[in-house]
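These notes are about the structure you will find just below.
No lab work stands behind these numbers, since they all come straight from the coordinates. For clarity, every value in this text was computed on a predicted model and none was experimentally measured. Because the Cβ atoms are built from the backbone with ideal geometry, glycine has one as well, and the counts that use them run over all protein chains shown.
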Amino acid sequence: MRNMKKGFTLVEVLIVVVIIAILASLIVPRMLAQTEKAKAAEAIQMVGAIKRAAERHYDFQGSYNVTGNFLYTDPGGNTVGDWGELGLQIKKSTTWTFQYTPNNNGISFDARAYRASGVDMVQYNGYPGSEAWSCWVTFAPIEPYQPHYSQKGCTAA
């Protein structure tokens, strides 16, 4: 009787390793893109919350102005102004800097979220009674203005 050894040959093992490497090369970039989409969703949601709070403030005060005319919170937790004036509590974000700026003597406002690089940004420009977003969204290294990251109704400005 012939003595048969049990196990895999080197060629079989290499084929399995190559198949696993190919599958990993297809899956890993998609998982990294999901992380970026989640970060973008955080920014879009916070800018939306600032927008809704500013509109409520306008309904009660007749102006988008706030004391100090500027609200700001960065990832380090540094804050300028009192977000509570808009009825918001903006907590420290590990990724985004949030900013609210009234314009034209309180007739309009800008709400934005951006990263330290200044490249990745979500911005909303609001006017009284405005229902549509007029904003631009850019996330590097993804091409500028990706609709799948945008708030519904958001158009490239």
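Considering only the range 8-30, I want to know if a residue exists there that is closer than 17 Å to residue 100 by Cα, outside any loop (DSSP other than H, G, I, E, B) and small (Gly, Ala, Ser).
Residues of the range 8-30 that are closer than 17 Å to residue 100 by Cα, as a first pass: none.
No - not one qualifying residue is present in the range 8-30.
Does residue 30 satisfy being surrounded by 12 or more Cβ atoms within 10 Å (Cβ to Cβ) and among the basic types (Lys, Arg)? Spell out how you get there, then give the answer.
Working: surrounded by 12 or more Cβ atoms within 10 Å (Cβ to Cβ): no; among the basic types (Lys, Arg): yes.
Taking the combined requirement at face value, the residue does not satisfy it.
How many of the residues making up the range 18-75 are closer than 15 Å to residue 126 by Cα, among the small types (Gly, Ala, Ser) and without any contact (Cβ under 8 Å) to a residue 60 or more places away in the chain?
Going through the range 18-75 one residue at a time, the tally reaches 4.
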